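Structure first, then comments.
The values are calculated or read from the model by the stated rules, or taken from the named source; none is laboratory data. Keep in mind that what you see is a predicted model, and the values were worked out from it rather than measured. Here Cβ is always computed from backbone atoms with ideal geometry, including for glycine, and neighbour counts include all displayed protein chains.
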Amino acid sequence: MKKIILINPSYKGSLHSNIKVLALPPLNLAWIARYTPEHYDVQIIDEAMVDLDFDTPVDLVGITCMTPLAPRAYEIAGEFRKRGVPVVMGGIHVSYMTDEALRYCDTVVVGEGENIWPKVLEDFERGQMQRVYRSCQLPELDKLLPPKRELLTGKYFVDTVQTGRGCPINCNFCSVTAFNGSRYRVREIDDIIAEINSIPSKRLFIIDDNIVGAGPRYIKRAKELFDRMADCGKEWAGQTCLNIVEHDDVLKAAQKSGCKGFLIGFESLDPVTIDAMHKPVNLRPDTRNFADAIKKIHDHGIAVVGCFIFGSDGQTKDAFRRTIDFVLENGIDAVQLSLETPLPGTAFYKQMQAENRLLLTDFPNDWRRYTLFEPVFEMRGMTPAEAWEGLQAAYAEVSSFGASLKRGLRTFRNTRSLFSTGISFSWNYQAYKTIRNMPTPLAQRN
């Protein structure tokens with residue numbers, strides 16, 4: 001029986017390695033494993049959880065990666081290829097930087113892999129793997145087989161579930177629409193409920209980019225899903241847009257289903273910046289008052305993880321102070337404060353490249369700097385030093401140990417959930433410690 005190892009690369013000491021509530025099981029690899037014929041022995045290695053042994057006997061290696069992990073992914077590929085093991089790479093980064101990836105691996109899969117992977121393995125068995133495989137169309141999810149989650153052996157804080165893919169919003173800093181399409185593709189609710197009921201853990205994170213979706217059909221579907229989840233006995237968190245506050249029945253159904261936290265991209269307090277980011281959902285009559293939206297979610301006993309981005313054109317360093325004040329005044333439970341980052345596959349990357357504003361271009365090595373926390377492009381409103389110092393100061397004020405503990409206790413009083421309290425405290429404090437200990441960014445040194 002031939003052996004395949006599927007690898008999720010990681011840097012030890014990175015933000016996601018340090019914050020175990022952020023170390024999510026690589027469900028994409030569990031799905032690839034499901035679509036692997038039974039005559040293969042498949043193993044999944046998540047470097048955020050376990051060490052990788054390059055000398056383990058293996059016939060084929062598959063590696064997924066996002067942009068800041070590309071150098072590590074290429075390093076892993078090189079080690080296995082030195083041992084004569086063919087390497088296939090997939091994922092969002094190599095789908096957009098295919099020529100780059102082909103310098104380090106044998107084959108690249110472009111796009112979602114479920115439809116392509118069986119063909120890759122057929123060619124592998126014949127010794128005729130192609131250099132590039134491209135998905136001709138996005139797979140429909142109503143007949144999607146369940147992921148082979150028994151291969152995810154790490155001790156994760158939560159298990160993950162995906163109910164749909166795609167996003168019509170197409171924010172300029174995000175590559176989801178380009179990679180997963182602008183149409184929501186959703187799984188059958190019966191299949192989702194069966195999968196949720198099969199998971200022993202009580203804690204779940206739904207990894208959909210927007211669990212609620214947009215438009216009447218998907219709003220109705222979200223409520224039906226939440227109504228069905230109420231009988232599953234789980235506590236869960238997920239990502240949503242602010243449009244959920246426009247639908248009281250959906251929000252109430254989420255509460256009854258066990259929802260304990262929403263990760264929400266507020267992005268900025270400045271309407272002009274939000275408009276430039278192409279996120280109109282945050283500017284609608286019922287969503288643009290962020291304070292009211294947060295209160296409405298809190299009133300349902302649901303914690304809020306708020307995401308804010310700094311460094312957009314015209315935004316100056318005073319944006320940090322205004323955002324900190326807003327976070328504290330409105331009791332946001334946890335925050336992700338980041339610097340706008342041009343990632344391959346995004347409109348923002350294409351713009352910065354066309355305008356020659358990328359500061360770090362020694363690729364692939366410099367991809368490790370594209371973490372969302374380092375200044376990597378020429379900002380028109382603040383210097384790299386101002387951006388970095390502003391970000392560090394913001395985290396120190398809202399996420400130091402004392403601030404994280406205080407906010408975690410507030411989360412517990414509101415949600416009565418150790419799940420959401422753990423997310424609140426760990427997300428805040430571990431992010432603060434990690435960013436505080438990061439070396440001075442290259443762009444600032446230059």
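Couple of notes before you dig in:
- Odd one out for VAL250 among (1) out of contact with any strand residue (DSSP E or B) (no Cβ under 9 Å at 6 or more places or on another chain); (2) surrounded by fewer than 17 Cβ atoms within 10 Å (Cβ to Cβ): (2)
- The single condition among (1) farther than 24 Å from SER10 by Cα; (2) at pLDDT 95 or above; (3) surrounded by fewer than 22 Cβ atoms within 10 Å (Cβ to Cβ) that THR361 does not satisfy is (1).
- Within the option set VAL110, VAL87, being of a type in the set (A, V, I, L, M, F, W, C), touching a Cys at 6+ places or on another chain (Cβ under 6 Å) and free of Cβ contacts under 8 Å to residues at least 60 places away in the same chain holds for one residue only, VAL87.
- GLY265 being crowded, with 21+ Cβ neighbours inside 10 Å, touching an Asp or Glu at 6+ places or on another chain (Cβ under 8 Å) and small (Gly, Ala, Ser): no
- Whenever a residue of region 306-322 is at positive phi, its partners that are surrounded by fewer than 21 Cβ atoms within 10 Å (Cβ to Cβ) and part of a loop (DSSP other than H, G, I, E, B), lying with C-beta atoms within less than 6 angstrom and at least six residues away or across chains, give the pairs GLY314/GLY381.
- All of (1) under 21 Å from VAL272 (Cβ atoms); (2) over 20 Å from the mean Cα position of the chain (by Cα) hold for THR361 with one exception: (1).
- Those residues of region 45-67 which are crowded, with 23+ Cβ neighbours inside 10 Å and out of contact with any strand residue (DSSP E or B) (no Cβ under 8 Å at 6 or more places or on another chain), in sequence order: THR67
- Qualifying residue in region 347-357 (condition: more than 24 Å from MET277 (Cβ to Cβ) and in contact (Cβ under 8 Å) with a residue 60 or more places away in the chain): no
- Of all the listed residues (ILE302, ILE309), the sole one being buried (at least 21 other Cβ atoms within 10 Å of the Cβ), over 30 Å from LEU358 (Cα atoms) and either in the same structural domain as ALA393 (by TED's automatic domain parsing) or not hydrophobic (A, V, I, L, M, F, W, C) (or both) is ILE302.
- Applying the condition of being within 13 Å of the chain's Cα centre (by Cα) and under 15 Å from GLY111 (Cβ atoms) to region 162-178 and asking which residue is surrounded by the fewest Cβ atoms within 10 Å (Cβ to Cβ) yields VAL176.
- Selection from region 406-424 of residues that are free of Cβ contacts under 8 Å to residues at least 60 places away in the same chain and within 26 Å of ASP318 (Cα to Cα): LYS406
- Scanning region 45-84 for residues that are among the basic types (Lys, Arg) and either at positive phi or more than 26 Å from the chain's Cα centre (by Cα) (or both) yields ARG81, LYS82, ARG83.
- Candidate set from region 131-150 (those that are surrounded by fewer than 18 Cβ atoms within 10 Å (Cβ to Cβ) and among the aliphatic types (A, V, I, L, M)); member that is modelled with the highest pLDDT: VAL132
- Unique match (being out of contact with any helix residue (DSSP H, G or I) (no Cβ under 6 Å at 6 or more places or on another chain) and of a type in the set (Phe, Trp, Tyr)) among TYR370, TYR349, TYR395: TYR349
- Test result for THR341, more than 15 Å from GLU374 (Cα to Cα), hydroxyl-bearing (Ser, Thr, Tyr) and buried (at least 20 other Cβ atoms within 10 Å of the Cβ): no
- Filter pass, THR346 being surrounded by 21 or more Cβ atoms within 10 Å (Cβ to Cβ) and hydroxyl-bearing (Ser, Thr, Tyr): yes
- Test set (1) more than 22 Å from PHE373 (Cβ to Cβ); (2) in contact (Cβ under 8 Å) with a residue 12 or more places away in the chain; (3) in a helix (DSSP H, G or I) - LEU328 fails condition number: (1)
- Complete set of residues in region 219-236 that are crowded, with 21+ Cβ neighbours inside 10 Å and either under 20 Å from THR287 (Cα atoms) or basic (Lys, Arg) (or both): ALA222, LYS234
- Screening region 106-115 for residues that are buried (at least 21 other Cβ atoms within 10 Å of the Cβ) and among the aliphatic types (A, V, I, L, M) and picking the one that is nearest to PRO37 (Cα to Cα) gives VAL109.
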